[in-house]
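For reference, the structure is listed below as structure tokens.
Bear in mind these aren't lab numbers, they're just calculated from the coordinates by the rules spelled out. Here the structure is a predicted model, which means the values were calculated and not measured. With ideal geometry, Cβ positions are generated from the backbone for all residues, glycine too; neighbour counts draw on all protein chains shown.
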Amino acid sequence: MITEGIHVFWKPKGVSSNGFLKQIRKKTGIRKVGHAGTLDPLAEGILVVGIGKGTKLLTEITGAEKEYLCVARLGVISETDDEEGVKTETKVAVIPSRADVLCALSSFQNETEQVPPSYSAIKIKGQEAYKLVRAGVNITMKSRPAQIKEIELISYEWPFVSFRIVTGKGVYIRAVARDLGAKLSVGGYLASLKRTRVGVWTKSDITYLEKL
């Protein structure tokens, strides 16, 4: 039986974070439910959830360190910087070497600012950016504080780059994949994302929704 407090779930691919919370409300019968950091519908992984009185603790947890396993697809750009958007192949004159990829990834280490994706929920004059873009409004996203603490290459076989990244608050992994492609002059987008840790919580702490 689920009690009020903090719980760790594995959000599956294909459902939004808020959609997942709706499933928890239905399962538990508790209306007061929140999470400590959104995962996009196409991402999967650790979602720290506050249930009942546990929602009061979420503000502090939202700023906790997060770890991800990512795959960037090079040679193609996406209007949403992930698999969801309309894609355009780029003209690649020279395929980046492994050394090129390592150099580009290492340049992210200790970055403290980032330009968020235009398809995001960041508000511009009271409206979510993605709604403005879909309405045909031209917008310019400004850089924001975002801390990348660690970044490590796992594997590279053109056009896919697998990497691990540890972040502070405010980092969009979609933007990291986009910027990686830009640094390599080939374009890129986020093809896959798994969040494997939030603060001290890992996969070993998970409660699976179907087991409630």
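The mean sequence separation of alpha-carbon pairs under 8 Å and at least six residues apart, normalised by the residue count of the chain, gives a relative contact order of 29 percent. Note on segment 72-212: antiparallel DSSP beta bridges, both residues inside, total approximately 95 percent of the bridges counted. Where does helix 173-183 land angle-wise versus the long Cα axis of the chain, in degrees 0 to 90, nearest 10? Relative to the chain, helix 173-183 is tipped by roughly 10 degrees. Let me check I have the definition right: for the chain, take the eigenvalues of the Cα gyration tensor, multiply each by 5, take square roots. What are those semi-axes in whole Å, largest first? The equivalent ellipsoid of the chain has semi-axes of 31, 20, 16 Å.
Counted residue by residue at 0.36 nm each, then reduced by the alpha carbon distance between them, the extension gain from Asp205 to Ile124 reaches 25.5 nm.
Under the simplified labelling scheme, the Ser97-Glu150 pair shows an inter-label distance of 2.8 nm, with each label point 7 Å from Cα along Cα→Cβ. Within the chain, the longest run free of trypsin sites (Lys or Arg not before Pro) that sit in a DSSP loop with at most 16 other Cβ atoms within 10 Å is 33-90.
Hey, quick one: spin label on Glu89, modelled 7 Å out along Cα-Cβ, who in segment 176-195 has an amide N within reach, i.e. under 15 Å? Under 15 Å, as judged by backbone N against the label point of Glu89, lie 187-188 of segment 176-195. Extending 7 Å from Cα along the Cβ direction at Leu57 and again at Phe160 yields two label points whose distance is 3.7 nm.
Let me have the relative contact order for segment 125-185, percent, based on Cα pairs under 8 Å that are six or more residues apart.
On the way: 48 pairs, mean separation 15.1, N = 61.
For segment 125-185, the relative contact order is 25 percent.
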